[in-house]
1. Considering only segment A:216-236, state which residues are surrounded by 10 or more Cβ atoms within 10 Å (Cβ to Cβ) and among the aliphatic types (A, V, I, L, M).
2. Of the numbered conditions (1) of a type outside the set (V, I, T); (2) farther than 17 Å from A:T192 by Cβ; (3) part of a helix (DSSP H, G or I), B:K143 satisfies every one except a single condition; which is it?
3. Taking the stated definitions as given, is B:A184 more than 18 Å from B:S88 (Cα to Cα) and out of contact with any helix residue (DSSP H, G or I) (no Cβ under 8 Å at 6 or more places or on another chain)?
4. Six or more apart or on different chains, Cβ atoms under 6 Å: show the pairs whose first residue is in segment B:263-280 and in a strand (DSSP E or B) and whose second is among the basic types (K, R).
5. Go through the residues of segment B:328-336 one by one and say whether even a single one is in contact (Cβ under 8 Å) with a residue 12 or more places away in the chain and either surrounded by fewer than 14 Cβ atoms within 10 Å (Cβ to Cβ) or within 18 Å of the chain's Cα centre (by Cα) (or both).
6. Tell me which of these B:P312 doesn't satisfy, since it passes every other one: (1) buried (at least 24 other Cβ atoms within 10 Å of the Cβ); (2) modelled with pLDDT of 95 or more.
7. Report yes if some residue within segment B:356-377 is of a type in the set (V, I, T), over 24 Å from B:R206 (Cβ atoms) and in contact (Cβ under 8 Å) with a residue 40 or more places away in the chain; otherwise report no.
8. What do you reckon, is A:L164 under 30 Å from B:G63 (Cβ atoms) and either out of contact with any helix residue (DSSP H, G or I) (no Cβ under 9 Å at 6 or more places or on another chain) or of a type outside the set (G, A, S) (or both)?
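The values are calculated or read from the model by the stated rules, or taken from the named source; none is laboratory data. Just so we're clear, the structure is a prediction, and the values are computed from it rather than from any experiment. Cβ: placed from backbone, ideal geometry, glycine included. Neighbour counts: every protein chain shown.
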Amino acid sequence: MPNILSCFKWVIDEAYIKTGPSLKLDMNFVDYKISDYDKNAIEEGVLLQEKFGGSVAVITVGKPEDTKGLKDALSRGPEKAYFVNDTSFSDLEPSQTASLMAEAIHDRIPFDIILCGEGSSDLYAQQVGPRLAEKLDIPCICYASKIQVQDNQVLVERKVDDGLEVVQAPMPVLITVSPDINIPRIPGLKDTLGASKKPVIEIAGSELNAVSARLETIETRAASLERSGRKFSGDQAGIKALVEALLKEGAI
Amino acid sequence: MDFKLTEEQELVRQNMREFAKTYVDPIAAEIDENSRYPEEVIKRLSAMGWMGMPYPSEYGGAGTDYVTYAIAVEELSKSCAATGFTMSVHTGLAAGPIFYYGNEEQKKKYGAPLCNGGALGAFAFTEPGAGTDVGAATTTADKDGDAYILNGTKTFTSNGPNADTYVVFALTDKAAGASKGLSAFIIPKGTPGLRVGEHFKKMGIRASQTSEIILKDCRIPKENLLGQEGIGLKIAMGSFDHGRIGIAAQAVGIAQAALDESISYAKQRVQFGKPISKNQAIQWMIADMATEVQAGRFMYMYAAWLKDQGLPFAKEAAMAKLWCAEMCNRHASKAVQIHGGYGYCKGFKVERLLRDAKITEIYEGTSEAQRMVIAGNVLR
């Protein structure tokens, strides 16, 4: 019966980001959420446990105050949470997150299946899963749309460009999941309130070897679409003018 | 002084929002149009623990405070005021008297199924001749051995046609009148002598079902008396006190929905070559709406917080209900104004919001009755 560990990232909810003057991003009034596809990873962990037994836990790396994310994750069914935290753990890049997580998991947390979302809602770098697998020296299967457990193996379906690929790997294994693998549950009231009573195991940043960042963010701006604002009439002449304009722009 | 919700309260809001978005938004217009009771949604709410929020967990409730409960009512009402009201009247007025005045046996037998057993509750108090004038009640409960025999007609009973359990008020002592002679009874559906009368065709909250309840020689064992004889009016008034917090929260949900719809429409509706949100006339309406929605939210949360602290809250609950009800009517009307002709037509949510808003000024005590309560408190 597998020990399942689902990873999640606590990210800014993009719905709250406002665009300020000169396309600056206004993050003053943002709220946070579990990264969208990580909800699929948590849900899949719980579904696998319901089907194949074993245990399911979640793990996240973040700042000590990010406790709401732990409650949110635990309200979705896992039994306990591992919280790798330090005041310096903000805006980590994927290599740092993967490195911290690998060190925290190694020797501390039993695992047979590690689940990640295919990418995060904010950066969508799709890096943490494969990097974590590499550091733990276990097989990695990305973009899973179905997972089955048989004996000591996992059987995973992945959607590829022109079909479906079925791969098999021995446990322990890391799998990143696509959003079509399941529909994350909406926690009921008692799940929500019961989350606070589930154990959270803290792993302090000071216990781990921090890795320095390799990337530097110079500027963040909102995407903008320049519109020329030209209007064309619906008659024959107007349509002709529209087609000519589109040809001139190279749009058709 | 702390205006911050707890992490649990924020998650309750988030999860109720998610629930409402998934299960209620897609059917809200249809159940309004067809005046259909959304039984599947209510059963799902019950299974997920939302129908007995403030009551103890040993009876299937969730043991939340009233602030958390009111937040959930607001969120659900944002999607559908009728569904939010069904939850609110069930929790506050029907389950409330059983948990606050019932004995152990009554809480187990009738309270628990209301919390998580999928059972729906109704509160039969109003009579054709006794609305705000509760003293004019004429339904009687005559003692007959180990039983009471109830006779009379109740009207405007919310959840009346769908309820499994009714809390019914009747005079056990006609000479003493309502103030000392009224008593409350629990009556399960299907009891001989209890009949659902006329279904009312309402202007708003049409998915919530409202009917007459007709009692004709309805024999109720004395075990179904709530508390003791003669405290019916106290039970009813106490129930209205906390029920009003739910209605205030429902009204804020309607107003917030009116605001959300107005903001999104004003940003995309172009007139004179620019979105109408660029016009000061529209901006000021939206600024007023946002301000008053926030004020209303603070009012219901304050009343709920007082209740949670075990402090007197009847005046504040009446103030919250009065203000939020009138506020949501002003802003549902403004939201239609911002939408112009489109807002007056079916298909735009604001049309439903305006019809739904009106009832908040009428039920669980009219705005005038709230002013009576408030004046009685401040002029004392």
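1. Matches in segment A:216-236: A:A222 only.
2. If we test B:K143 against (1) of a type outside the set (V, I, T); (2) farther than 17 Å from A:T192 by Cβ; (3) part of a helix (DSSP H, G or I), just (3) comes out false.
3. Working: more than 18 Å from B:S88 (Cα to Cα): yes; out of contact with any helix residue (DSSP H, G or I) (no Cβ under 8 Å at 6 or more places or on another chain): no.
So B:A184 does not fit the description; no.
4. B:P275/B:K267
5. Step one: of segment B:328-336, the residues in contact (Cβ under 8 Å) with a residue 12 or more places away in the chain are B:328-336.
With either surrounded by fewer than 14 Cβ atoms within 10 Å (Cβ to Cβ) or within 18 Å of the chain's Cα centre (by Cα) (or both) added as a condition, the list becomes B:328-329.
Yes, that holds for at least one residue.
6. (1) is the only condition that B:P312 fails.
7. Within segment B:356-377, the first condition is being of a type in the set (V, I, T), and the residues that meet it are B:359-360, B:362, B:366, B:373-374.
With the extra rule that they be over 24 Å from B:R206 (Cβ atoms), the set shrinks to B:373-374.
Add one more test, that the residue is in contact (Cβ under 8 Å) with a residue 40 or more places away in the chain, and what stays is B:373-374.
Yes: one or more hits.
8. On the way: under 30 Å from B:G63 (Cβ atoms): no; either out of contact with any helix residue (DSSP H, G or I) (no Cβ under 9 Å at 6 or more places or on another chain) or of a type outside the set (G, A, S) (or both): yes.
Spelling it out, it is not the case that A:L164 is under 30 Å from B:G63 (Cβ atoms) and either out of contact with any helix residue (DSSP H, G or I) (no Cβ under 9 Å at 6 or more places or on another chain) or of a type outside the set (G, A, S) (or both).
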